[in-house]
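Undergrad: I am attaching a structure below and will ask some questions about it afterwards.
The values are calculated or read from the model by the stated rules, or taken from the named source; none is laboratory data. In this text, all values refer to a predicted model and were calculated from it rather than measured experimentally. Note that we place each Cβ from the backbone using ideal geometry, even for glycine, and neighbour counts take in every protein chain shown. Surface accessibility is based on the protein's heavy atoms, side chains included, excluding ligands, DNA and RNA. Shrake-Rupley method; radii C 1.70, N 1.55, O 1.52, S 1.80 Å.
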Number of protein chains: 2
Amino acid sequence: MRLDFSVAVHSLLYLDQNNDRRISSRELSEKLKVNSVMIRNILSLLHKNGYVKGNVGKNGGYQMILSLAQCNVGELYDLTIPPTISYARFITGKTSLLEEENETHETEIESNIAETLTDLFTLADQDYRAFYHQFTLADLKQDIEHHGYFQRKIDEQ
Amino acid sequence: MRLDFSVAVHSLLYLDQNNDRRISSRELSEKLKVNSVMIRNILSLLHKNGYVKGNVGKNGGYQMILSLAQCNVGELYDLTIPPTISYARFITGKTSLLEEENETHETEIESNIAETLTDLFTLADQDYRAFYHQFTLADLKQDIEHHGYFQRKIDEQ
């Protein structure tokens, strides 16, 4: 979910800014205005993946391990919003292998559109993720401090 | 919704292939294995936007006006899946203007992260849509006939 991504990004920026102490999930919950169960789930994920150290749990506290420049935005996106495994529910036509065996009147379009649309969606998603992979959290902080940084970077390309 | 996009694409390919006659929404419904209310909604949208002619409605029939090469995949994507108007529900921190006025202890991160994430999501979405705009339905038909066409086109870039 996209909110998970925002929570991960905001949490890491906050931990980085307060790196002289451990930050509780309660403090993050108040700052981000997100319930603390969600905070703990996301921080647990970041802990498992080597972004933060500390104790996970109700009375836990977290501290950043990496620098902002070491945190790739695309990697955080992939971690919090995994790619769609199957596009089947978005595709028209044939719905099962069983049906395929019984179907004799189908044209090339019906036989192949599922594969074609799956490829199109998959390639578009790879391209979308590559966009986020261009940036680190240091870039993101640049945009927070000087709004319009992302827009300028894209315009320069 | 992504299924709307698939229905639009599949319908236009089917109409193009059977352009010697008008196709009823019932026939499309059977071929695409999608309920006929959805077919009529999507075909009505395509009719309004100049892709097909014919009578919309329960006993309607449609015929393609454009060639496949004239149908841009990105335009069909934008038509069936309009861009997100607000990312507010995906963003952490401040939740209302009222709150902004009362808040005095907030740091630069909390003040500006909503704008920064909105920009990031908006730019990523523009990039995502640009991917689809590279192709027409003639390309899509190429992939149906020679699967792997999209993958090769991307690899060549």
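Undergrad: Determine by what factor the alpha-carbon radius of gyration of chain B differs from 2.2 N^0.38 Å, reporting the quotient.
TA: This ratio for chain B stands at 1.40.
Undergrad: For the protein assembly as shown, give the magnitude of the charge dipole about the Cα centre (Cβ charges: +1 Lys/Arg, -1 Asp/Glu; no others), in debye to the nearest 20.
TA: Once rounded to the nearest 20, the dipole reads 880 debye.
Undergrad: In a Gaussian network model over chain A where Cα atoms closer than 10 Å are linked, find which of A:Phe121, A:Phe135, A:Phe90 has the largest mean-square fluctuation.
TA: Top of the fluctuation ranking is A:Phe90.
Undergrad: Something else now. In chain B, with Lys and Arg counted as +1 and Asp and Glu as -1 at Cβ, which of these residues, B:Thr107, B:His10, B:Gln157, has the Cα nearest the positive end of the dipole, that is, farthest along it?
TA: Farthest towards the positive pole: B:His10.
Undergrad: Any idea what the B:Asn18 label distances to the other copies are, label 7 Å down the Cα→Cβ vector, nm, shortest first?
TA: 6.3
Undergrad: With the convex hull built on the Cα atoms of the range B:7-71, state its orientation-averaged projected area in nm².
TA: If I average the Cα hull's projected area over directions, I get 3.6 nm².
Undergrad: Let me ask another. Give the distance, in whole Å, between the Cα centre of the range B:106-128 and the Cα centre of the range A:115-157.
TA: Cα centres, the range B:106-128 to the range A:115-157: 12 Å.
Undergrad: Just checking the output field for B:8-17: average partner chain Cβ neighbours within 10 Å of each residue's Cβ?
TA: Shielding by partners across B:8-17 averages 3.
Undergrad: Next up: If you rotate chain B onto chain A, whose Cβ in B ends up lying nearest the axis, and how many Å away is it?
TA: B:Tyr128, 2
Undergrad: What are the nm distances, shortest first, from A:Asn49 to its equivalents in the other copies, labels at 7 Å along Cα→Cβ?
TA: 3.4
Undergrad: Gaussian network model of chain B, Cα springs within a sub-10 Å range: biggest mean-square fluctuation belongs to which of B:Asn72, B:Asn112, B:Asn41?
TA: The residue that fluctuates most here is B:Asn112.
Undergrad: Tally up the carbon and sulfur contribution to the accessible surface of the protein assembly as shown as a whole percent, 1.4 Å probe, everything protein left in place.
TA: Here carbon and sulfur together make up 48 percent of the probe-accessible area.
Undergrad: Provide the net charge surrounding B:Asp78, with neighbours chosen by a C-beta distance below 12 Å and charges set as Lys +1, Arg +1, Asp -1, Glu -1.
TA: So the surrounding residues net to -2.
Undergrad: Continuing with this model, one more query. To the nearest 20 debye, what is the magnitude of the charge dipole of chain B about its Cα centre, counting +1 on the Cβ of each Lys and Arg and -1 on the Cβ of each Asp and Glu?
TA: I would put it at about 1580 debye.
Undergrad: Per residue Cα convex hull volume for the protein assembly as shown, in cubic angstrom?
TA: Taking the convex hull of the Cα positions in the protein assembly as shown, it is 171 Å³ per residue.
Undergrad: Could I ask something else about it? For the range A:2-78, what is the charge dipole size about the Cα centre, in debye to the nearest 20, if Lys and Arg each add +1 at the Cβ and Asp and Glu each add -1 at the Cβ?
TA: 300 debye
Undergrad: If you don't mind, there's one more thing I want to ask. Within chain B, what's the longest run with no GluC sites (Glu not before Pro) in a DSSP loop and at most 14 other beta-carbon atoms within 10 Å? Give the range, please.
TA: B:1-102
Undergrad: While we're here: Determine, for each peptide in B:9-17, A:76-84, the mean count of other beta carbons within 10 angstrom over its residues, then list the peptides with the highest first.
TA: B:9-17, A:76-84
Undergrad: Treating the point 7 Å from Cα along Cα-beta-carbon as the label, what are the nm separations from A:Gln157 to the other copies, to one decimal?
TA: 0.9
Undergrad: May I pose another question? Which net charge results when you count Lys and Arg as +1 and Asp and Glu as -1 among the other residues whose beta-carbon is under 14 Å from that of A:His47?
TA: +4
Undergrad: Per residue of B:112-119, how many C-beta atoms from partner chains lie within 10 Å of its own C-beta, taken as a mean?
TA: 6
Undergrad: Hey, what did chain B get for relative contact order, percent, Cα under 8 Å, at least 6 apart?
TA: Reported relative contact order: 24 percent.
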